[in-house]
Every structure is written in C-alpha cells, then in structure tokens.
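Chemist: One structure, as structure tokens, below. Some questions next.
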Amino acid sequence: MVQTKKLVLYLVIVFVLYTIITSPERSADLVQVGFEGIASAAEGVGEFMTELVK
C-alpha cells in the first residue's frame with residue numbers, strides 16, 4: 001500500500017513538471033485561476049464573519 005502511494009505521488013509530480021515545461025503559459029493561467037478562487041473564498045469568509053459580528 002505504501003509503495004502504491006509513493007508511485008502515485010511520483011507520477012503526479014512528473015505529470016505536473018511535464019505540464020509546466022510543455023505549456024508554461026497555460027500552467028500560469030491555471031495557477032492564477034486557483035489563487036483567484038482562494039482569494040474569493042477568503043473574501044467571502046471575511047464578509048461572513050463581519051456580518052456575524054454585527
């Protein structure tokens with residue numbers, strides 16, 4: 001079971017590196033979308049907490 005987890009982890013790392021090397025612009029776009037999603041979620045939590053305190 002541990003061997004399988006290591007193999008899957010290595011395959012994911014190789015896939016990510018391959019994707020970044022072959023299409024860096026697309027990878028940058030995906031990272032930007034991810035960060036925008038995280039920022040939006042954090043903003044939503046902040047607004048919720050602000051309204052909760054009022």
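Chemist: Looking only at the range 30-54, which residues have a backbone nitrogen under 11 Å from a spot 7 Å from the Cα of Ile20 in the C-beta direction?
Modeler: Within reach of a label on Ile20, which here means backbone N under 11 Å from a point 7 Å along Cα→Cβ, the range 30-54 contributes nothing.
Chemist: Okay, next question. For the chain, with the dipole built from +1 on Lys and Arg beta-carbon atoms and -1 on Asp and Glu ones, taken about the Cα centre, which of Ala39, Thr50, Tyr18 lies farthest toward the positive end?
Modeler: Tyr18
Chemist: Report Rg/Rh for the range 1-53, rounded to two decimals, where Rg is the Cα radius of gyration and Rh the Kirkwood radius.
Modeler: 1.27
Chemist: Further question on the same structure: First select every other residue whose beta carbon is under 15 angstrom from the beta carbon of Gly37; then total the charges, Lys and Arg +1, Asp and Glu -1.
Modeler: Net charge around Gly37: -3.
Chemist: Moving to a separate point now. Helix 2-22: angle to the longest alpha-carbon principal axis of the chain, degrees 0 to 90, nearest 10?
Modeler: 80 degrees
Chemist: Can you give me the % of accessible surface on the chain that is carbon or sulfur? Probe 1.4 Å, all protein chains present, nothing else counted.
Modeler: It is 72 percent, rounded to a whole number.
Chemist: To the nearest 10 degrees, how steep is helix 24-53 against the longest Cα principal axis of the chain, on a 0 to 90 scale?
Modeler: Between helix and principal axis, roughly 30 degrees.
Chemist: What whole-number value in Å² describes the accessible area per residue of the chain for a 1.4 Å probe?
Modeler: For the chain, the solvent-accessible area averages 94 Å² per residue.
The values are calculated or read from the model by the stated rules, or taken from the named source; none is laboratory data. Not measured: the values here are computed from a predicted model. Counting neighbours? That spans all protein chains shown, and the Cβs are built from the backbone with ideal geometry, glycine included. Ligands, DNA and RNA are excluded from the accessible area calculation, which covers all protein heavy atoms including side chains. Shrake-Rupley method; radii C 1.70, N 1.55, O 1.52, S 1.80 Å.
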